[in-house]
Structures are given as structure tokens and as C-alpha cells.
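Everything below concerns the one structure shown next.
The values are calculated or read from the model by the stated rules, or taken from the named source; none is laboratory data. Just so we're clear, the structure is a prediction, and the values are computed from it rather than from any experiment. Don't worry about glycine lacking a Cβ; one is built from the backbone with ideal geometry, like all the others, and counts go over all protein chains shown. For the accessible areas, the whole protein counts, side chains as well, though only heavy atoms, and no ligand, DNA or RNA atoms are used. Shrake-Rupley method; radii C 1.70, N 1.55, O 1.52, S 1.80 Å.
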Amino acid sequence: PNTCLAAAPCSLADATNPGYTSPGDEVILAPGTYTPGVAIGIAEPVDVHGTGAPDLTHIVSDQVLGVAISHPDATLRNVTVDHSVGNNGALLGVSGTVSNSKFVSSGAVSCAMRNIVIRDSFCINTGVSGTAAWINDGGAGTYSSVLRNVTAVSTGSGSIGLMVLA
């Protein structure tokens, strides 16, 4: 695959793209604000993380989806995702592990989850009729989402902190 090195960093979209990563890679995000212009997908067994507290590494998304994590051995940690539009949220977690992160959205959902582990994190929704954390483990198949030490807060009128469909 292509390479992204600290001496010659690439875009966030490239750094999380399977064309640039290999299973087991570590993607280290330097402190700062990232505005990728596309939804970020983590679909391989890689570890994507900021270097300290979540507030040091911001991913700002104006896409329908902020960050999607969809591999059981993928991890995302130490980031803040600010999301402003769409129904799929700042985080769409289909599989994998998220920790020590914050997801803020004024869209319909901040954290949309199915079959994922989220620890020590925040899901915050500021939209009208928004949902902070939405777990959809219903339908065909067997799914199991785990939230441990997760704060889910919705502040808009008619909003929901936690919605579970199973």
C-alpha cells in the first residue's frame, strides 16, 4: 500500500483508507483540527487515535456521516468528532472498539451503533428531536453492543439521550 509517514503526513481520508493501511497499522493523529471533506471509514484492523485528550484532536464533518468504524479489530480513540448534518451521526459503529472519545452532532443522531464496544466516551446531540446514542441491534442476525462509562446527552427540544432497538 501507499505510505503515510510522520515526516510526510497524508490526509486523514488517505491515512484511514485501506489503500494506505495494512492490518495491524497504527494511525496517529497529531493534535489539531481535521476537516476531511468526506466521511471517514475505518474498515480494517487498524488503531486510529489522537495523541492525548480527545479535545486535542478534532475531526469536523459536514458530511452525512462523520466516522464509520466497521471491523471487529479496529479501534478509534482519543478524538472529538464534530458533526453537523445527516442522519447517520458523528459515529456510525458497526463493529470494533471506541474509547476515550467525544461525538457531538446537531444532526439526527450522534452515535449510531450496532455490534460495537464504546468505553469512556461521550455522545452529545444538540439538535431538535435528536438522539445522542442509538443502538440498533434488532433484525436478522446476532448483535451485541456494549456501552461502558458512556455519557449520552441530548439538549434539543424533543430529543432522546439513549434509544435502544433490539
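Per 0.36 nm of contour for each residue apart, how much would the distance between V153 and N87 grow if the chain were fully extended, relative to their Cα-Cα spacing? Before the final figure, lay out each step's value.
On the way: separation 66, 0.36 × 66 = 23.76 nm, distance 1.69 nm.
Gain on extension, V153 to N87, equals 22.1 nm.
What does the extension gain come out to for T51 and T3, with contour length at 0.36 nm per residue minus their alpha carbon separation? Numbers along the way, then the final one.
Working: separation 48, 0.36 × 48 = 17.28 nm, distance 1.98 nm.
My answer for the length gained is 15.3 nm.
How do H71, H83 rank by accessible surface area computed with a 1.4 Å probe, from largest to smallest? Provide the component values of the computation, followed by the final result.
Working: H71 45, H83 10 Å².
Output order, biggest surface exposure first: H71, H83.
Would you work out if segment 33-83 is rounded, prolate or oblate? Take a ≥ b ≥ c from the square roots of the eigenvalues of the alpha-carbon gyration tensor; rounded if a/c is under 1.5, else prolate when a/b is larger than b/c, oblate otherwise.
Details: a/c = 2.47, a/b = 1.13, b/c = 2.19.
Oblate shape, in that a/c is at least 1.5 and b/c is the bigger or equal ratio.
For the chain, calculate the relative contact order in percent as a whole number, restricting contacts to Cα pairs under 8 Å that are 6 or more residues apart.
Numbers: 543 pairs, mean separation 23.0, N = 166.
This gives 14 percent for the chain.
Could you list the square roots of 5 times each eigenvalue of the Cα gyration tensor of segment 82-121, that is, the equivalent ellipsoid semi-axes, sorted largest first and rounded to whole Å? Don't skip to the answer; put the middle values down first.
Working: eigenvalues 61, 27, 6 Å².
After diagonalising the Cα gyration tensor, the semi-axes are 18, 12, 5 Å.
Please list H58, H49 from largest to smallest accessible area, probe radius 1.4 Å, with all protein chains kept in place.
On the way: H58 50, H49 15 Å².
Ranked list, largest accessible area first: H58, H49.
Plugging the Kirkwood radius over Cα pairs into Stokes-Einstein for segment 45-166, at a temperature of 10 °C and a viscosity of 1.306 mPa s, what D comes out in µm²/s?
Numbers: Rh = 13.7 Å.
Roughly 116 µm²/s, to the nearest whole number.
Under a 10 Å cutoff between Cα atoms, tell me which one of R77, R119, R148 has the largest fluctuation in the Gaussian network model of the chain.
R148
Which one of I28, I42, I69 has the biggest mean-square fluctuation once the chain is modelled by GNM with Cα springs under 10 Å?
Of the options given, I28 has the highest mean-square fluctuation.
For the residue pair V128 and A140, what label-to-label distance in nm results when each label sits 7 Å from Cα along the Cα-to-beta-carbon direction?
Distance between label points: 3.9 nm.
About the Cα centre, and with charges only on the beta carbon of Lys, Arg (+1) and Asp, Glu (-1), how big is the dipole of the chain? Nearest 20 debye, please. Before the final figure, lay out the partial values.
Values: 5 positive and 11 negative charges, 80 e Å.
Value, rounded to 20: 380 debye.
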